[in-house]
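Asks: Dropping a structure here in structure tokens format, bear with me for questions.
The values are calculated or read from the model by the stated rules, or taken from the named source; none is laboratory data. Predicted, not measured: the structure shown is a model, and the values here were computed from it. So basically every Cβ, Gly included, is an ideal-geometry build from the backbone, and we count neighbours across all protein chains shown. We work out accessible area using only protein heavy atoms, side chains counted, and drop any ligands, DNA or RNA first. Shrake-Rupley method; radii C 1.70, N 1.55, O 1.52, S 1.80 Å.
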Amino acid sequence: MNRLSSAVPAEQYLADSQVLFYLNDAVTQLLDHKEEYTQFGLVRYFAEYSVKNSNHVLFRELNYIRATQHNRASFIRVFWRCFRQIGKSGDLLSVPEYRSLLQLLCPDFPLEAVQSASRIVLADNASDGLMSFSDFVYSFQLQFCYQEFLDSVQVIYQDLLAGKSPNTVIVPTSSSVEQLVSVATEESDREEQQQDAVDSSTLAECVDALCERFKHSYPSRTCLREVLEQTDKVSYYGFLQSLANHESINQTIGALPSKEELLVDPEMDQELDKLIAQISVSPSSNSSGSAIGGLKEVQRRASPRRNIHHRRKMEVESDGSTEETDSSEN
């Protein structure tokens, strides 16, 4: 349904678009930091509180980032833009290293969310494996945007793996999944998941029933069926890997480009080219200092609300590495 259609009641439009949520947050932030905002005025504040270009999620708490699907997608996009140089350099990083990068954008980002994404990449084979940026970011996108749905699917998968018939499988509701998923996770840890699989058609039937009553976001049912129709048997992490690599799901979320364009960002490349040219014509200046200073300017342009929230400062160097500059936090 077109949300701009005159047939949509005003209350429904406000609920669907979550305008009131963002307006309330913008005013709350303004009141909490009103002494700072008087230095540059309300016009600039509301211009920089940009829900459209993702600035609003920078250096915010996890609860706020997870509050809406738009926030989750915005956070994925910010993460990609800040650290895509890691992919260009070909570096492989571990779970703690990816978590450190995420904490530069969200200080209370949990280790568990990064571990969940890594299990999709590594098919639950190793918790300390190294991952490429492209493999991690698409798996992280799936896990972060559809966490509640994937937790429910895991509960269903464990029931089928235990030999329950489709008629006795518990299809979790949004309220029950938090209690059930902890049990499923414990059972999963005792199984060698990569060697186990369930009937794809049976899982598809149960997942379709889940979608009928699920209140949180989930991938399109067409994509879910398409993935499950590709094979007779499927493992849980094999299913998630296929979803993470599904281009239609990626397009629906709208945070990341296609894999062919993942490492291409003309705007950022242009900024880096300017920086390199600046360094090359300044032989008397310190190269390292010039690079850091120039990239500070790039970061400032990309994150205009950094100083407002007093969050951890971050510098994304041209080779993809990061450097904390606020020594008072140590």
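Asks: I want to verify the translational diffusion coefficient of the stretch 1-144 in µm²/s; compute it with Stokes-Einstein, Rh as the Kirkwood radius over Cα pairs, at 20 °C and 1.002 mPa s.
Replies: Answer, rounded: 125 µm²/s.
Asks: Next up: Roughly to the nearest percent, how much of the accessible area of the stretch 39-127 is carbon and sulfur, given a 1.4 Å probe?
Replies: Within the stretch 39-127, the accessible surface is 50 percent carbon and sulfur.
Asks: Highest first, please rank the peptides 222-235, 49-62 by the mean number of other Cβ atoms sitting within 10 Å of their residues.
Replies: So the order, starting with the most tightly packed, is 49-62, 222-235.
Asks: Taking the Cβ of Val207 as the centre, find all other residues whose Cβ is under 11 Å away and add up their charges (Lys, Arg: +1; Asp, Glu: -1).
Replies: -1
Asks: Rounded to the nearest 10 Å², what accessible area does Asp91 show when all protein chains are kept and the probe is 1.4 Å?
Replies: Around 70 Å² of this residue is reachable by solvent.
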